[in-house]
């Protein structure tokens, strides 16, 4: 588990405010109750029905997960993580920094793709230390 910091600065997501900047956040102990879970292919298979229910918002991650599970495209150098399993609120595909396939920005297309069921869930996850490296 990541060490608890009472205050931190995180990038302010443009989808929540329409601007890009920095904001101060106060983290509570309950924000660190669970670590982000790196999913297996079997777990991803279990998430597909839920992604299909939210198709209009989750179509990009749904396609990525379906391709990974079916072995069509493995998305090398990336991992899929959830905030909790099986009843997740946020599913994210992110680059694995220690992977041999990892190529740092701006030379790579390995970016972070996130689907959140609610804005509150997204807000809670992006404030966590273990969200992104």
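Would you kindly state how much longer the chain becomes between residue 130 and residue 55 on full extension, computed as 0.36 nm times their sequence separation minus their alpha carbon distance, in nm to one decimal?
Full-extension gain reported as 24.3 nm.
What shape does the range 51-101 have by the C-alpha gyration tensor, where a ≥ b ≥ c are the square roots of the eigenvalues, rounded means a/c under 1.5, and otherwise prolate means a/b greater than b/c and oblate the rest?
Taking the square roots of the gyration eigenvalues as a ≥ b ≥ c, the range 51-101 is oblate.
Once label points are set 7 Å from the Cα along Cα→Cβ at both residue 73 and residue 96, what is their separation, rounded to one decimal in nm?
About 1.9 nm separates the two model spin labels.
How long are the semi-axes of the ellipsoid equivalent to the range 35-126, from square roots of 5 times the Cα gyration tensor eigenvalues, in whole Å, largest first?
The answer is 20, 16, 12 Å, longest axis first.
Take 83, 123 and order them by how many other Cβ atoms sit within 10 Å, fewest up front.
Lowest to highest Cβ neighbour count: 123, 83.
Modelled label-to-label distance, residue 120 and residue 43, 7 Å Cα→beta-carbon offset: nm?
2.4 nm
Taking Cα pairs under 8 Å and at least six residues apart, what relative contact order does the range 35-126 come out at, in percent?
Taking the mean separation of contacting Cα pairs over the length of the range 35-126, I get 26 percent.
Order of 75, 59 from fewest to most other C-beta atoms within 10 Å?
With the sparsest Cβ surroundings first, the list reads 59, 75.
Readers should treat all values here as calculations from the given coordinates under stated rules, not as data from a laboratory. In this text the structure is predicted, and so the values were computed from the model without any measurement. With ideal geometry, Cβ positions are generated from the backbone for all residues, glycine too; neighbour counts draw on all protein chains shown.
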